[in-house]
Amino acid sequence: MAPDPGKWERMAFIPKSRYVSDPPPADSTPFPVYSALVTQWVQAGRAVPGMPDREWERLMATPVWPTW
C-alpha cells in the first residue's frame with residue numbers, strides 16, 4: 001500500500017521466495033548408528049557408500065575380451 005492513508009498506488013509485489021537464503025550447513029558429525037554400521041561393514045570386507053569398492057575396481061581393471 002501507499003505510505004499516505006487514503007492514497008492508493010500500485011506497488012510491485014516481490015514474493016518471499018526471491019529472498020531465500022542459502023540452506024543451513026549440514027551437520028558434519030556422523031550419526032552413531034551409521035558409524036557403527038560402517039565399521040562393521042569395513043571389517044566384513046563389504047562395500048561402503050563413499051569409499052572405494054575394491055571388488056568393482058578389480059572387475060573394471062580386467063579386460064572383457066581375452067587377449068592372445
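Restricting attention to the stretch 31-68, the residues that are part of a helix (DSSP H, G or I) and among the hydrophobic types (A, V, I, L, M, F, W, C) add up to 11. Taking first residues from the stretch 16-39 that are within 17 Å of MET51 (Cα to Cα) and partners that are modelled with pLDDT of 75 or more, the Cβ contacts under 9 Å between residues at least 6 apart in sequence or on separate chains come to PRO30/VAL38; LEU37/VAL48; VAL38/VAL48; VAL38/PRO49; VAL38/GLY50; VAL38/MET51. Here is the figure for the stretch 32-67: residues that are open to solvent by less than 100 Å² (accessible area, probe 1.4 Å) and β-branched (Val, Ile, Thr) total 5.
The values are calculated or read from the model by the stated rules, or taken from the named source; none is laboratory data. Everything quoted here is computed from the prediction, not taken from an experiment. For neighbour counting, all protein chains shown are included, and Cβ atoms are generated from backbone atoms with ideal geometry for every residue, glycine included. Only protein heavy atoms, including side chains, enter the accessible area calculation; ligands, DNA and RNA are left aside. Shrake-Rupley method; radii C 1.70, N 1.55, O 1.52, S 1.80 Å.
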